[in-house]
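Below is one structure, written out as structure tokens, with a few remarks after it.
The values are calculated or read from the model by the stated rules, or taken from the named source; none is laboratory data. These figures come from a predicted structure and were not determined experimentally. For neighbour counting, all protein chains shown are included, and Cβ atoms are generated from backbone atoms with ideal geometry for every residue, glycine included.
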Amino acid sequence: MKVKETPLNDCYIIEPTIFKDDRGYFFEKFNEKKFEELTGMNGHFVQDNISKSSYGVLRGLHLQKGEYAQAKLVSCLEGRVWDVAVDLRKDSSTFGKWFGIELTDSNNLQLYVPRGFAHGFSVLSETAIFSYKCDNYYNRDSEGSVYWNDADLKIDWKLAIEDIILSEKDKLSSTFKDENF
């Protein structure tokens, strides 16, 4: 496992060591001890979520607040997604900045998104199956969301506007300035 820093504080790209032969390949998707040694971050995850989405679906930007804040380790199991993390920690030198990376079923990269961040992704392939490991349990009363097309963030979602498909909930998100982090 290799860990690469992103431009955002405490947000990391996790690249597995892949062993290939004529039968296929094998890799260790996650190892809590190695993760903690390489990042200094808590790697204890308590909930795994999977979503399947069609081309153009944009999920985000989602967050959990307060005692239910969540760190996530995310990956794309099938297809291609453009994955985005936004630092919402007001005391961070990267507050209000975002980072995006393409996660695919062929690059096997993962992104570690720490607590205090918003997260979202857009689907670039016909379909995508996306995996989230969370270090805290979901709590509906603690959820928040920042509008995907926020003028202050200026995120490039790698999709044409007319191709973007949003949930009703994501259409009602707050702006970056209005969200109470």
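Here are some conditions: (1) under 15 Å from Y112 (Cβ atoms); (2) acidic (D, E); (3) at pLDDT 95 or above. D22 meets all but one. Which one does it not meet?
(1)
Going through region 51-73 one residue at a time, which ones are in a loop (DSSP other than H, G, I, E, B) and either aromatic (F, W, Y) or over 23 Å from D141 (Cβ atoms) (or both)?
Y55, G56
Among the residues of region 141-181, count how many are hydroxyl-bearing (S, T, Y) and either closer than 19 Å to Y55 by Cα or in a helix (DSSP H, G or I) (or both).
Going through region 141-181 one residue at a time, the tally reaches 2.
Right, L111: farther than 25 Å from T175 by Cβ, modelled with pLDDT of 95 or more, of a type outside the set (S, T, N, Q) and under 15 Å from the mean Cα position of the chain (by Cα) or not?
Spelling it out, it is not the case that L111 is farther than 25 Å from T175 by Cβ, modelled with pLDDT of 95 or more, of a type outside the set (S, T, N, Q) and under 15 Å from the mean Cα position of the chain (by Cα).
Being among the small types (G, A, S) and farther than 16 Å from G56 by Cα, is that true of even one residue in region 153-165?
Checked against the condition, which is being among the small types (G, A, S) and farther than 16 Å from G56 by Cα, region 153-165 yields no hits at all.
Could you tell me which residue of region 131-140 is nearest to G79 (Cα to Cα), considering only residues that are part of a strand (DSSP E or B) and not hydroxyl-bearing (S, T, Y)?
K133
Does V3 qualify as being among the β-branched types (V, I, T), in contact with a strand residue (DSSP E or B) (Cβ under 6 Å, 6 or more places away or on another chain) and closer than 21 Å to D156 by Cβ?
In short, no.
Take region 13-50 and flag every residue that is part of a loop (DSSP other than H, G, I, E, B) and either among the small types (G, A, S) or surrounded by 13 or more Cβ atoms within 10 Å (Cβ to Cβ) (or both).
P16, K29, F30, N31, G40, M41, N42, G43, F45
Just one of (1) surrounded by fewer than 18 Cβ atoms within 10 Å (Cβ to Cβ); (2) within 23 Å of F35 (Cα to Cα) trips up E143, so point out which.
For E143, the failing item is (2).
V57 - would you say it is surrounded by 18 or more Cβ atoms within 10 Å (Cβ to Cβ), in contact with a strand residue (DSSP E or B) (Cβ under 9 Å, 6 or more places away or on another chain) and not basic (K, R)?
The answer is yes for V57.
Considering N108, N139, which residue is in contact with a Pro (Cβ under 8 Å, 6 or more places away or on another chain) and of a type outside the set (A, V, I, L, M)?
N108
One line per residue, one yes/no per condition, for (1) under 26 Å from K97 (Cα atoms); (2) touching an Asp or Glu at 6+ places or on another chain (Cβ under 8 Å); (3) without any contact (Cβ under 8 Å) to a residue 12 or more places away in the chain:
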{"position": "T6", "(1), (2), (3)": "yes, no, no"}
{"position": "I14", "(1), (2), (3)": "yes, no, no"}
{"position": "I18", "(1), (2), (3)": "no, no, no"}
{"position": "N31", "(1), (2), (3)": "no, no, no"}
{"position": "F35", "(1), (2), (3)": "yes, no, no"}
{"position": "N42", "(1), (2), (3)": "yes, yes, no"}
{"position": "V46", "(1), (2), (3)": "no, yes, no"}
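Within region 124-134, is even one residue over 13 Å from the mean Cα position of the chain (by Cα), over 30 Å from N31 (Cβ atoms) and of a type outside the set (G, A, S)?
Yes: region 124-134 contains one or more residues that are over 13 Å from the mean Cα position of the chain (by Cα), over 30 Å from N31 (Cβ atoms) and of a type outside the set (G, A, S).
Report, by residue number, each residue of region 154-169 that is over 15 Å from L124 (Cβ atoms) and in contact with a Gly (Cβ under 7 Å, 6 or more places away or on another chain).
Matches in region 154-169: none.
Can you tell which of N108, N139 is under 14 Å from Y68 (Cα atoms) and of a type outside the set (D, E)?
N139
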